[in-house]
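Undergrad: My questions will all concern the structure given below.
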Amino acid sequence: MTQPVSLTRYLVEKQRAQGHIPGQLRLLIEVVARACKTISHSVNKGALGGVLGSAGSENVQGEVQKKLDLIANEVLIDANEWGGHLAAMASEEMDTIHAVPNRYPKGEYLLLFDPLDGSSNIDVNVSIGTIFSVLRMHDEGRAVREADFLQPGRCQVAAGYCVYGPQTTLVLTVGDGVAMFTLDREQGSFVLTGDGVRIPQETQEFAINMSNMRHWDAPVRRYIDECLQGKQGPRGKDFNMRWVASMVADVHRIITRGGIFMYPWDKRDPAKPGKLRLLYEANPMSWIIEQAGGSATTGRQRILDVPPQNLHERVSVILGSKNEVERVTRYHLEQAGQ
Ligand code: P6P
């Protein structure tokens, strides 16, 4: 019987084979994975662990913070501060960047994360997850600044998410494809359960919050209307709909069987480009989707090319099966007369 491949062995062998993963980056990924195991343990306790409900505070987005949001944030900070692989961290749950304290050595990497995405689902026992993105610090000779984090998504050196669902699954890319690891709770380690993951270019499944339909821009209305017309409509096939309201769960479904996920700009707040955050939600998820053969755009441009202006910037997100994302993007460009 072949030996199960642990995350550590996978990273070591990829470093040996392709030099893709410098030692410090391997350490970073393993530390983040270990933090995700700790978060998974807290999530799984639920009411028994006294971790449900609101923390009684708001984050920089003005969103009510759940107790588990703050627990997950602390777990990731405590796990990553001392290792010497990071210069600083940024999180959806923190207004500003968190520099590694001077009592610890600093490294060349910047870690960004949404510590617990989909937290509105925590209290109703629906899948949630952690999303992370890794950038390189370009000038190690000085104190880290917020501007060091404002790099387009194409500059990422690693990205991943951990979905806390019926299984706890870590999905990771370092730029040469997508690997999937499932947590073996008996061994306490992530085991390789998928490598070279590919998304079908076609799909018959879309994910969007339909309650916002009256607020959508014309290209999104056009695309969804055509899907809803089914076989009798211009698409000539029926579509299914899913919406978990947890990006990690919706993206994991797409990574597993294809589909298109949309959280586009809408008219509710025209000044807001979208709901999802660019640096620690859209960028890591977009890179993973592209590495698995899919596409990810704002409707008008590749998400990984968007030049960030601030740490918590939001963006319109359309990602998943390549042919569908290209169709929605084409509708937006046609609207703009391009
Ligand atoms: P809505 C979760 O709060 C989140 O940021 C994403 O994970 C998810 O896709 C989206 O918001 C859900 O938003 O408006 O449907 O509740």
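Undergrad: To the nearest 10 square angstrom, what accessible area does Leu116 show with a 1.4 Å probe?
TA: 0
Undergrad: Return a whole-number percent for the relative contact order of region 7-195, with Cα pairs under 8 Å and 6 or more residues apart as the contact set.
TA: Relative contact order here is 15 percent.
Undergrad: What value in Å³ per residue do you get for the convex hull of the alpha-carbon atoms in region 145-209? Walk me through the numbers before you get to the answer.
TA: Details: hull volume 11.8 nm³, N = 65.
Residue-normalised Cα hull volume stands at 182 Å³.
Undergrad: How long are the semi-axes of the equivalent ellipsoid of region 205-335, defined as square roots of 5 times the Cα gyration tensor eigenvalues? Whole Å, largest first.
TA: Taking √(5λ) for each eigenvalue gives 22, 17, 13 Å, largest first.
Undergrad: What helices does the chain hold that run 24 Å or longer along their axis, going by alpha-carbon atoms, with a Kyte-Doolittle average of -0.5 or more, using DSSP H for the helix calls? Before the final figure, lay out each step's value.
TA: Working: long enough: 23-45 (34 Å, 0.26).
Span-like helices, by this rule, are 23-45.
Undergrad: Let me ask you something else. Dividing the Cα convex hull volume of region 233-310 by residue count, how many Å³ per residue is that?
TA: Numbers: hull volume 10.4 nm³, N = 78.
Convex hull volume per residue, Cα atoms: 133 Å³.
Undergrad: Oh, and also: Residue separation times 0.36 nm, minus the C-alpha to C-alpha distance between Lys237 and Arg268: what's the value?
TA: Here the segment from Lys237 to Arg268 would lengthen by 8.0 nm.
Undergrad: Within the chain, which cysteines find no other Cys whose Cβ is under 4.7 angstrom from their own?
TA: Isolated Cys, the chain: Cys155, Cys227.
Undergrad: Between Ala143 and Glu58, what is the spin-label point distance in nm, taking each point 7 Å from the Cα along the Cα→C-beta axis?
TA: If labels sit at Ala143 and Glu58, their model points lie 2.9 nm apart.
Undergrad: At a probe size of 1.4 Å, how large is the accessible area of Thr203, to the nearest 10 Å²?
TA: The accessible area of Thr203 comes to roughly 10 Å².
Undergrad: How large is the convex hull of the Cα atoms of the chain per residue, expressed in Å³ as a whole number?
TA: Here the figure is 148 Å³ per residue.
Undergrad: Next question, about the same structure. How do Asp184, Asp195 stack up against each other in accessible area, from largest to smallest, with a 1.4 angstrom probe?
TA: Descending order: Asp195, Asp184.
Undergrad: Please report how many Lys pairs in region 205-335 have alpha carbons closer than 27 angstrom, counting only residues at least 8 apart along the chain or sitting on separate chains.
TA: Counting lysine pairs in region 205-335 gives 6.
Undergrad: Could you please put Leu48, Leu278 in sequence from largest to smallest accessible area, using a 1.4 Å probe?
TA: My answer, sorted largest first, is Leu48, Leu278.
Undergrad: Something else: Could you tell me the calculated FRET efficiency between Asp95 and Arg221, based on Cβ-Cβ distance and R0 = 45 angstrom, to the nearest 0.05? Please list the in-between numbers first.
TA: Values: r = 36 Å, r/R0 = 0.79.
That gives a FRET efficiency of 0.80.
Undergrad: Points 7 angstrom from Cα along the Cβ direction at Asn44 and Gln24: gap in nanometres?
TA: 3.4
Undergrad: Taking the Cβ of Gln167 as the center, what net charge do the other residues with Cβ under 12 Å away carry, scoring Lys and Arg +1 and Asp and Glu -1?
TA: Neighbour charge sum, excluding Gln167 itself: 0.
Undergrad: Please compute the modelled spin-label separation between Ala245 and Asn102, points set 7 Å along Cα→Cβ, answer in nm with one decimal.
TA: 4.7
Undergrad: Taking only C-alpha pairs under 8 Å that are 6+ residues apart, what is the relative contact order of region 205-335 in percent? Let's see the in-between values first.
TA: Numbers: 222 pairs, mean separation 35.8, N = 131.
For region 205-335, the relative contact order is 27 percent.
Undergrad: Here is a follow-up. Where does region 7-195 land on Rg/Rh, using Cα atoms and the Kirkwood Rh?
TA: Numbers: Rg = 16.3 Å, Rh = 17.0 Å.
So for region 7-195, dividing Rg by the Kirkwood Rh gives 0.96.
Undergrad: So how do Arg242, Arg26 rank on accessible area, 1.4 Å probe, biggest first, that is with the largest at the start?
TA: Arg242, Arg26
Undergrad: For the pair Leu150 and Thr193, what calculated FRET efficiency results from E = 1/(1 + (r/R0)^6), where r is the Cβ-Cβ distance and R0 = 30 Å, to the nearest 0.05?
TA: Between Thr193 and Leu150 the formula returns 0.30.
Undergrad: Please enumerate, by chain and number, the aspartates and glutamates with C-alpha under 15 Å from the C-alpha of Lys67, excluding those fewer than 8 residues away in the same chain.
TA: Glu58, Glu92, Glu93, Asp114, Asp117, Asp123
Undergrad: What are the ³J(HN,Hα) couplings of region 58-66, residue after residue, when phi is run through the Karplus curve with 6.51, -1.76, 1.60 and θ = phi - 60°? Round to Hz, x for glycine and proline.
TA: Rounded to whole hertz, the list is 10, 8, 4, 7, x, 8, 4, 8, 7.
Undergrad: Roughly how many Å is it from the Cα centre of region 269-286 to that of region 101-154, as a whole number?
TA: Here the answer is 15 Å between Cα centres.
Undergrad: Tell me whether region 9-50 comes out rounded, prolate or oblate; compute the Cα gyration tensor, take square roots of the eigenvalues as a ≥ b ≥ c, and use a/c under 1.5 as the rounded threshold.
TA: Cα axes put region 9-50 in the prolate bin.
Undergrad: How high is the relative contact order of region 144-191, in percent, counting Cα pairs under 8 Å that sit 6 or more residues apart?
TA: Details: 53 pairs, mean separation 11.1, N = 48.
The normalised contact order for region 144-191 reaches 23 percent.
Undergrad: Taking the full set of protein chains and a 1.4 angstrom probe, give the accessible area of Met94 in square angstrom, rounded to the nearest 10.
TA: Its heavy atoms expose roughly 30 Å² to the probe.
The values are calculated or read from the model by the stated rules, or taken from the named source; none is laboratory data. Please read all numbers here as calculations on a predicted model, not as lab measurements. Glycine also receives a Cβ, built like all others from the backbone with ideal geometry; neighbour counts cover every protein chain displayed. Note: accessible area is taken over every heavy atom of the protein model, side chains too, but ligands, DNA and RNA are not part of it. Shrake-Rupley method; radii C 1.70, N 1.55, O 1.52, S 1.80 Å.
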